[in-house]
Each structure stands twice: as C-alpha cells, then as structure tokens.
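Below is one structure; the comments refer to it alone.
What follows draws every value from the coordinates through simple rules; no lab data is involved. Keep in mind that what you see is a predicted model, and the values were worked out from it rather than measured. As a convention, Cβ positions derive from the backbone with ideal geometry for all residues, glycine included, and neighbour counts pool all protein chains shown.
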Amino acid sequence: MMHSPSQHTRGLSLLPLLCLLISYQSLVSNHIFVAAEENTDGKISVLVGFETKEATQQFISAYRDPVVAASVGAAATRSGPQIEYEYENAQALEVRVTREEFEEMKQDSQFAYVEEDPVVYQMESSSSSSSPQEEARRHLQSAEAPSYGLFSVQGDKEIPLPPSNSEDCLVDICIVDSGLIKDHFDIPYKRGDGFTDGEEFGLPNGQYWWNALPNDDHGTGVAGVMVALGGNSRGTVGVIPQGPEKSKVCLSIARVFADNSKSTATSRILRAVEWCGRRHKNGSAKRMVVNLSLGSPSRTTTEETVYRNLYRDQGILFMAASGNAGTRDYAYPASWDEVVSVASVDEGNGHSSFSQANDQVEIAAPGRQIISSGGGAGGAGSGLEFNFQGTVVQASFMQNNQYPSDFDFTQTFQLVDCGFGFEPCKNANGKVCLMQRDGQFTFKDKVQNCQAGGGIMAIVYNNREGTFTGLIGDPNTVNIPALAMLEDAGDFVKRNINRSFTATNIVGSVRGYTGTSFSTPYAAGVAAKIWASRPSCSNDQIREALQKTTIQLGNRIPNDETGYGLIQTLSAYEYIVENFDPPCGGTAQTDIQTPAPTTPQPTPSPTPGPTPSPTPKPTPAPSPSPTADPTYPPTDTCAAYLRQCVTTDECCSGLECRRISADATQPWVCRPVSKENKDKLPRAGYCIGGIIGSGCRRRTASRERKGGMLRGEHAAMAHRLELEVPTDADSEPENNGDSSPKDTRQQSPEEKEVLPEA
C-alpha cells in the first residue's frame, strides 16, 4: 500500500512577512542547520513550498539580491528570514527563520506548505564494530577475502560489458554520505583520476569529499561494498572489483556528513541529490544510481517531489536504507515510491532483527557483519606491507601508536631478533625489532625496549593463530612505529632475519559493519553492474529485473520484511536478456542507446501480480521425488540452473537445455524456459536453488553435502534443500495485496543476540 504526506494547514496572509523581507538583504550560504535546532542567531532551517514556479519567483523577488546556490561564507547574524537555497526539482525554497516566523508562515495560505527540516542519520548499527573485527584485521594482515554478502547476491559473477562502446562511464554511482578516505588501498577511485568527482554540502572549511577522517569511514565502507578492488592480495572485494577503466563505472561523491558527525539535515541531503542530478544531466554518465545509506523517521513534501521528478524525468535509480529501528515504521527517503527500500538479511538469509519492515520494503541484501573498507588504526595509515625480495607480508599499526609524521617508510630496513622484548634490545640501533607476543608483557613495554635499544620500528607477532590489535596504553611514551603481525608472517620474518626489506604504507583498513546502510550498496552495486552491461535499459527495467529474480524469502511475495527477496546479479542480467526487446534485451548489445526517462505517470513501485516470474539461481538442485511426476524429469536426479546438459530432459523443472548465449563456443546448460518454449514443457513446479515456498522444502534429516552448496559454493550459504514438486495451484506464491506482516518465521538466536562493543 502506498501512502502520501499529509497536507499542512494553510492560513493567514503573507503580506506582513513580505514587509519584513523587503527591508532586508538576503545572505546565501551553503551552511545548513539541523532540523528544529536553533543556531546562535536563534534561526532554524525550514522548507517552504509553492503552488507554481511563478509564486516561487515572486517570493524571491521580494529580496534585494537574487538567491544563488553557491556558498558566500559563514552565515551572519541578522534579523529577518534568509533564503538558503532554491530547489531545481521542486517548487520550494530552504529558508532560515526564527521560531515565531516559522509559526506565522505555517498559517499563511499563500504557501503550499511550510515544514521543518528533519534530521537524517547514517544507518549503521551501533553493534557493527564487534565480532567482525578479528576477521577484518585478518583481511589486512593476510590475503584478501570477500565478505559473505558478495556471494549471497551473486556479486562474484562476471557480467559482460557491451562488446563495443565509446563511453568512458556507462554508469555513475552517486554516493551521498561521509566522503572517502584519501588514497585508501582498496578503493581504486581517486581524486583527479577522470572517473571520480565530488562535492561538499554544508561542511566547515578544510573538510572535503576526499579527505574523510579515519574514524569517519561510513562512506568509505559503503563504497567498498560496491567497488573494493579485487586481485590486490589484501582487503576485501566489491561487487564491481575491476576498477573504473575496466568496469566503466564512475563515482560521484557527495559529502554531507561532517567530521565526527553521524547526522545532518534533510535539506543538505536534497542539495546533494540535486547535485547528483546535475552531474547526470550534464553528462557524467547517461545512467545513474544514487546510494542513500541514511534515513529519517520524518518526511517532507519537498523531498518526495525531488525524488519523484529525478526518477521520472531523468531516469535516475535511487537505493536507500529501510532503517535500523527494528520496527514497522517508515524511514525516508527509502519509503517514497520512487526510491527502492533495501532491507537487511544475515548470513543465513534470515531477516535481520534490526531491519525495519513495512509495505515499502522492496528488496533485501546482506547487512549484518559485512566486511568492507574502513579507516586506519593510527599513524599515517593502518598498516605496512613488507617486501622481502618478492615475498610480501603485512602488518597493522597498533592502536594509540604515535610516531613522527615525517618517518621515512621508503628506506631499506634491517632486522634484529629481540625475542619477547623483556629487556632493551641489543644491537637494535637503526634497525627494526622483531618480537613475539607472550601474553603477559605489555605491548607498550615491548615497544619501549625496542626504542631504548635504538630501534626505529617495532614488530610484534602473535604467539598463536589469529589476529590481535595491540594497544599502546600511553602513547606519549612511544615515538616509533609499532605494528601487529600474524604468527605465520612473523615466523617467516624470523627465518629471514638477516635479509633486508622495504615497506609500503597501506592507507586504510577493513572492518566489520552492520546495518541497512550496508545492504543498500549491495543493491546499488548490483544495479550499476547490470546497467553497465545493458546500458539501453531504463531505471524501471533495471528495477523490474531486480524484483523478478530474487531468492524469495517468506511465505508470500512480496512481504514486509524482505520485499520481493534477496537480489541476484546474474539472474537479473539474464532476465533482462530474455524478457526485454532489443536494444535493452537480446543476446548481445552492440547498439547502445540512451535510456528514455520514465514516463510522467508511471507506477514506480510495481504492483505484485499473482504469478511472480521464475527466480533463477546458480544452485544445484538435489534429487526430486521420482513419484511426483513420472514423465518430467524422467530420472531420480536432475540438472539444476547453469549445470551442463545434453537434452532438456536432464534439467530440473522449469528449465531447458540451451546455450548460455548466442556464442557457439559457449556450453549447453540448464536455463529458465525461454518465452517461445515455455508453453511446450510440462508444468511441474519451479524449484531452482531451493526457493522456500516455491516448490522446495528445507532438508532436515541430513547435513551431508548433496548436489553442492548454495550461492557460489560459499559455506555460509549451505542450506541443504530437496525438491518437492507441487501441483499447478501450489506452484505460484499467493498474493492478494495484503500489506499485513507476511513472514511469521521465528528469528534465529543469531539474529537476536546483542553484539558487544569491541
């Protein structure tokens, strides 16, 4: 069920207020004040709507100076209302007024509406930084490893780009968030590289989109889910891991959160979203996905209008976090019809207990204990990479480690073995001290003994398997770099104690995140990846493909907890190829066309029909019941989706044997029944990859491996399933449009646990 904002009360004449406006010269600034919070001049930020563009301009003309969007410095204290910003995609202004003026304006009938400027929050759970930390540090101290979420959404699957195109950027992802950490080792997008640009909105001087503090890594983590570099032997892997040159995906970074702040104003978000719109309109890319890992419990007419017009008129696709309150309340902007609301599921595909559930939730993606790009633990970066003549090992900086900012990490280093570091290290002058952890002597004391012996750097390696943080209790007593290293890496260094080595500073780290903030970039990344491969598609078509190819979770589809279900990258791509007419669909896209904007009167949030399209998934199907249908399939086993085949009789129900593309070199595999053949094959249910409630039941009697693990052989996804062939009446999930809670599953103990702080 869709909903619309209530109308505000209209009242008295605007004339007294205009008299005030004419007597005052407006000051335009890029500074925005958080909703309903008065600044030192006693003013608050409000959003004022008008019935027509002419009415907006008449109001502006009451000022001596015209309104402009650029900042002219910090706002000065002066009497009278102040226009801050004129919206391009809504007949509205952002105005700063006193409380008294605000109340008077709400009663004036010449305004369409007058509303406060709500606070917007990052959608990261406070429990994010606990249990994933050890895993995250291992990603830095050893080889790269992707988060489970990558496999859950088929993000590891390669999607072909168009065979020929001249566009540098097929898709632009605009991330409205806290900016990026400069030169992060796992983010292959850099300032000035021709593929990345950004802007700041309402930030103090010196805070830019490209220099977020290490502890303000929310935006960097969001970016990492989408574009973390693959194949660099450290960190994690994003949905689009190839870098901008190969993926042809660009980034626009709109920084709206200031240093050490996790909240901002709706007006600041809207300025950023309109900047994204201008980037798209002016040609950064002909297709744009906007990631909004943020939300507010309050809604405004202005934001609804901005999102609606940019979605319909410019064809921009918006992804936003459904919220972390664990309630059935709406969060905004996710709950607007023109925005895709993304819920969170855990490693077992269960609905996350914190993820808000309501009838605006559209799709789901992993959002619990996600490993992604993060800030540094201290010093000039978060770790070092040591190169022993071709063999590379890594270590991370200890916490509270302070050392001179001009320390030369480019020099060639010599090592000395200092044992456990119980005493000042001998022969350490000008060398790097290697010490082993013992569990009793403090890290500070070990590093001090290295320093006392003349050492210039200290490495402490573990005395058991696993990672450790290493805390320098009193940072003022240590002034050399101190690093923590895995046990096996330390053993290697000790065996090569007489060899020299070089070091490379690793800027950034990886860490664990939890919240719908990190479900959202999975959805945005998958959408951008698919759109780059089918660039003639519209935002509506990409949205439809994501809905129609989910792993369906719950008894009814869609449901309030996970919407249509868990998104699937490869399945959505194949849906487009098979179900849309060229140039959006078809076997190969050589003629790229600019997607047409959405028509002015669509229904952006599609109404679920009674027959959801089949949901293909790359999961081997276990043995069907041989008595369910003696004619199809003819044996007691069947080949599941994307398994190689010779004839259609080998494939499971709902599949046929055909090549994966028109390329004659491609193998014959079991794929969803094509449009021309779907009436020729017997209907025996559609069970691919174990869709609960769509012809499959969960295996309970045995845990041994049968037919492989789900979703890319990923162990965390290993639900064992067996086929249950339903009748025709049962083969399609019932959907009567009911907006009441639809999934009565009990939450797992893992969902309910409260994670401790690290």
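Counted residue by residue at 0.36 nm each, then reduced by the alpha carbon distance between them, the extension gain from residue 464 to residue 581 reaches 36.2 nm. Projected label points at residue 405 and residue 327, each 7 Å from Cα along the beta carbon direction, are separated by 4.5 nanometres. Remark: for residue pairs 53/262; 182/426; 182/246, the C-alpha separation exceeds 27 Å in 53/262; 182/426.
Computed packing ranks the peptides 563-571, 312-320 as 563-571, 312-320, most packed first, by mean other Cβ atoms within 10 Å.
When each of the peptides 523-536, 409-422, 187-200, 546-559 is scored by the mean number of other C-beta atoms lying within 10 Å of its residues, the order from highest to lowest reads 523-536, 546-559, 187-200, 409-422. The H on the amide N of residue 90, modeled in the peptide plane, is under 5 Å from the matching H of no residue at least 5 residues off or on a different chain.
Once the Cα-Cα distance is subtracted from the 0.36 nm per residue extended length, the residue 282 to residue 452 segment shows a gain of 55.2 nm.
Note on residue 246 and residue 495: the extension gain reaches 85.7 nm, defined as 0.36 nm multiplied by sequence separation minus the Cα-Cα distance.
A cut-off of 5 Å between modelled amide H atoms, ignoring neighbours fewer than 5 places along the same chain, links residue 84 with 94, 95, 96.
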